[in-house]
């Protein structure tokens, strides 16, 4: 390892459980309700502006619509920065829609999906996009308290120290529980690692990953173990009347089951990525997978989603980058079909778990063979490097704040959290 040190700005996300009292919980519910209505009215007015006046969707149009909506004084109960963040949510929904339309016209065939109006179940977070006194963590009577404008004081479980300057706060309701999610930015010293021990990684369904050194790692079947409990609560939810309190309670129980499985999967990915980064490897070569295209195979879609490849790759990327290592993405085509010894390409049905080359006679596990090919492509072709996509990134300073301003690093369901 060299003594050369580079500096980099990293964005990190921290998630903590909060315990609002009955008054604060009622205020959170009110803020979520008003935020949902504000979002839906913005969406409705922007649609009408386009249909009736042929106005292109922009922040100018949304600002004008927001002023009209704010004539109803009840929306002034929302903190001004929260209302501003909702406008950017709507704008981002439109941007994603137009991006998908463009992709659909090209070779990629994706579901376009026009921005949807939000129901209570689909609007579960509010974001304070600036640390300007709208929220603060205080210590009272040996307990940490989070004070949030328009909501009040809530006990927060700070299970670890927050590092860096806090930029945003998101209050999130999930499965009947509440969380505070902080986005921070800080400068760290990045060691430069000499790339002497690279490794190729193949993502699979039979085994979770296979390494080019011959190691294979299996993923516990969390979903399989819990499927009876999931099915039971799904039946209970289906039997209860829509809108009833008993149905809402059953839905919360179902959400908690899914949340438990998701947490198990995230914990597994964290531990595995930590182990790889600390195992003596100096760079990682991985496949540039396009998950949305892969799940079009309906026979494999559920297995691919359950594998959580994206989560694992995001964790490996930011942890490797923070340690001064590279994660290199290579073309995934034919990595399983190509012989890692002679380069022969032959058909390989999923049912065949061993690669037996028709040309040179090589016999090897198909996943190990693929991981060796991935490593070869990274070392010979010099494919593009990846950067962490969730918690740590290395953009220019201006890009960091633009990202914070427009996207607010909004964590939804399936976000990876430090």
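Every read-out reported here was derived from the displayed coordinates using simple, explicitly stated rules and does not represent laboratory data. As the structure is a prediction and not an experimental result, all values here were calculated from the model. For neighbour counting, all protein chains shown are included, and Cβ atoms are generated from backbone atoms with ideal geometry for every residue, glycine included.
If we restrict to alpha carbons, what Rg and Dmax does region 5-190 come to, in Å?
Cα only, region 5-190: 19.0, 61 Å (Rg, Dmax).
Where Rh is the Kirkwood radius over the Cα pairs of region 194-387, the temperature 20 °C and the viscosity 1.002 mPa s, what D in µm²/s does Stokes-Einstein return? Spell out each step's value before the answer.
Details: Rh = 18.5 Å.
Calculated translational D: 116 µm²/s.
Any idea how far the Cα center of region 173-211 sits from the one of region 106-167, in Å?
The distance from the Cα centre of region 173-211 to that of region 106-167 comes to 21 Å.
Starting from the Cα gyration tensor of region 248-288, multiply each eigenvalue by 5, take the square root, and state the resulting semi-axes largest first in whole Å. Provide the component values of the computation, followed by the final result.
Values: eigenvalues 236, 24, 3 Å².
Working from the Cα gyration tensor, I get semi-axes of 34, 11, 4 Å.
Over all Cα pairs of region 126-267, how is the pair count split among 10 Å bins, expressed in % and running from 0 up to the last occupied bin?
9, 22, 22, 27, 16, 3, 0
Let me see the P(r) profile for region 55-99: every Cα-Cα distance counted, bins of 10 Å, each bin given as a percent of all pairs.
Each 10 Å bin holds this share of Cα pairs: 26, 53, 20, 2.
Principal axis lengths of region 1-99 from Cα atoms, whole Å, largest first?
The Cα atoms of region 1-99 stretch 63, 42, 20 Å along their principal axes.
Over the alpha-carbon set of region 53-138, divide Rg by the Kirkwood Rh and report the Rg/Rh ratio to two decimals. Provide the component values of the computation, followed by the final result.
Values: Rg = 16.2 Å, Rh = 15.4 Å.
My calculation puts Rg/Rh at 1.05.
Which order results if 342, 84 are arranged by neighbouring Cβ count within 10 Å, fewest first? Don't jump to the answer; show the numbers that get you there.
Numbers: 342 12, 84 17.
In increasing order of surrounding Cβ atoms, one gets 342, 84.
Dimensions of region 1-57 along principal axes (Cα, Å, largest first)?
63, 43, 11
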